[in-house]
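Values quoted throughout were computed directly from the atomic coordinates according to the rules given, and no laboratory measurement underlies them. Quick caveat, the model's predicted, so the values are computed rather than measured. Counting neighbours? That spans all protein chains shown, and the Cβs are built from the backbone with ideal geometry, glycine included.
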């Protein structure tokens, strides 16, 4: 392993450890500290922010194990399933970040969305996961077909969300996706935006992979 590759691996390990341990700590705190929107830890799982951060935390932990193995000379790359899982997490957190900045902050205000533990869940984790995945862990390319795996978390959560909000009416429309009954606008917009994120992250990741292999 070259010095440059070793430095990237160490930085990747640091980023992934921060993502895993801080996210885990934030999630555990939900069981002990009530907020304006979360009364207990299990209730927090109804929010895409929590789900996407936990998904990425699990992926980060698995990638961190690969980073340690790389530093010990036991492997030369990150296991493909772990890489794809983190890709799904990265896309999910980018969607979280964009939703917060473009929709939730204007609706609910920065005081609610960008303070306390929300800073990590809405900003720090998305940035760290994106930077580490694209610039520090680019050791294999993502195919066009694989890039659409990034849609899976959004599609699964979106289905549950709209069923709970529109069909069963068990949840309030806390993301304001159906504000004014306009779900037919937000659904294609969010889907298109997520597709674009998948393609852009794939493009950047593949370019960095090509550079790393030169």
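Report the rotationally averaged projected area of the range 3-212 based on its alpha-carbon convex hull, in square nanometres. Write out the running numbers ahead of the final one.
Values: hull surface 47.4 nm².
Quarter of the Cα hull surface area: 11.8 nm².
Compare 21, 32, 82 in a GNM of the chain, Cα atoms joined below 10 Å, and give the one with the largest fluctuation.
Largest GNM mean-square fluctuation: 32.
I'd like the distance between the alpha-carbon centres of the range 101-179 and the range 73-93, rounded to an integer number of Å.
Taking the Cα centre of each part, the range 101-179 and the range 73-93 sit 19 Å apart.
Taking 8 Å as the Cα distance limit and 6 or more residues as the minimum spacing, I'd like the relative contact order of the chain as a percentage. Don't jump to the answer; show the numbers that get you there.
Values: 224 pairs, mean separation 49.1, N = 214.
Relative contact order of the chain: 23 percent.
Most mobile of 99, 115, 24 per a Gaussian network model of the chain (Cα springs, under 10 Å)?
Largest GNM mean-square fluctuation: 115.
GNM on the chain, C-alpha springs below 10 Å: top fluctuator among 201, 187, 33?
33
Per DSSP H run of n ≥ 4, the term is -39500 (n - 2.57); total these for the chain, divide by its residue number, and report the mean residue ellipticity at 222 nm rounded to 500 deg cm²/dmol.
When only DSSP H runs of four or more count, the value is -20000 deg cm²/dmol.
Take the Cα atoms of the range 1-64, find their three principal axes, and give me the spread along each one in whole Å, biggest first.
Principal-axis extents of the Cα atoms in the range 1-64, largest first: 49, 17, 15 Å.
FRET efficiency for residue 146 and residue 166, Cβ-Cβ distance as r, R0 = 22 Å, nearest 0.05? Kindly include the intermediate steps, with their values, before the conclusion.
On the way: r = 32 Å, r/R0 = 1.44.
With a Förster radius of 22 Å, E is 0.10.
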